[in-house]
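The values are calculated or read from the model by the stated rules, or taken from the named source; none is laboratory data. The structure displayed is predicted, hence computed values, not measured ones. Because the Cβ atoms are built from the backbone with ideal geometry, glycine has one as well, and the counts that use them run over all protein chains shown.
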Amino acid sequence: MSGAAHLAVEVLLGIAVVVALICCLGLAIMPDFYERLHYMASVSTISSVFVLAAVVVQEGWGQATLKTIVIVLVLFFMNATLTHATARADRVRKLGHWTADPKENIPVVKSGSGGKR
Amino acid sequence: MNVWLIAAAALMFGLIPCGIVVFTRDAMNRLVGLEMAGMIETLILIFLAQGFQNPNFYDLALAMALLSFGGGLVFTRFLERWL
């Protein structure tokens, strides 16, 4: 592996680790449950993709890369499913149902309203 | 000690905030901490597999990702219905 490739791996890994550590810190700092949920997304998208890029730069297209692609795909879809399921579970625990209730007055963004609520 | 093992060691510090959330918050927040810890551990196992230059270790990371997904869903359903 050339010096440039080695440097690229170090930079990619550094970004992945820093993003993951910041998200872990945010998880502990944020006061609200739903704010906390958002911090899982960055790890499963940004960090895992940078790790995949680092593996591709170091190994090329081989067994390790293919397995890493599978793991990244699992993390990507796992996070989306788990985030939805966890938020839904919290809503069911608090309200007894998870669908929107007209009495809740949830602000809805109408199409063509320019983002006004 | 290569850059992958250093990254794995650094990422282990990410488990500390997850542990704080798991040990100090209520049940739903604990679940979020657990799910985050599962993802961090998956990345750590990828780093260790690459750091030790053994592609077989990637199976551990894959198993960790799949099992934390299943475990998270089970806990979610359990907390939603019975707790």
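Structure data summary
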| read-out | value |
| --- | --- |
| Scope region B:26-79; condition more than 22 Å from residue A:39 (Cβ to Cβ) and basic (Lys, Arg); matching residues | B:77 |
| Residue check for residue A:20: in a helix (DSSP H, G or I), of a type outside the set (Phe, Trp, Tyr), closer than 21 Å to residue B:62 by Cα and facing chain B (nearest Cβ under 10 Å) | yes |
| Residue list for region A:1-48, restricted to those being without any contact (Cβ under 8 Å) to a residue 12 or more places away in the chain and of a type in the set (Gly, Ala, Ser) | A:2, A:3, A:4, A:14, A:28 |
| Subset of region A:8-64 that is of a type in the set (D, E, K, R) and farther than 21 Å from residue B:20 by Cβ - its residue that is surrounded by the most Cβ atoms within 10 Å (Cβ to Cβ) | A:59 |
| Tally, over region B:5-30, of residues that are under 22 Å from residue A:15 (Cα atoms) and at the interface with another protein chain (Cβ under 7 Å from one of its Cβ atoms) | 7 |
| Subset of region A:60-78 [more than 7 Å from chain B (Cβ to nearest Cβ) and at pLDDT 90 or above] | A:65, A:66, A:69, A:72, A:73, A:76, A:77 |
| Residue satisfying all of: in region B:35-83; touching a helix residue (DSSP H, G or I) at 6+ places or on another chain (Cβ under 8 Å) and of a type in the set (Val, Ile, Thr); modelled with the lowest pLDDT among these | B:76 |
| Counted residues, region B:31-69 - those being farther than 22 Å from residue A:23 by Cα, more than 7 Å from every other protein chain (Cβ to nearest Cβ) and part of a helix (DSSP H, G or I) | 7 |
| The lone exception for residue A:57 - which of (1) more than 9 Å from chain B (Cβ to nearest Cβ); (2) without any contact (Cβ under 8 Å) to a residue 12 or more places away in the chain; (3) more than 19 Å from the chain's Cα centre (by Cα); (4) within 30 Å of residue B:54 (Cα to Cα) it fails | (2) |
| Selection count where residues are at the interface with another protein chain (Cβ under 9 Å from one of its Cβ atoms) and over 21 Å from residue A:40 (Cβ atoms), scope region B:70-82 | 1 |
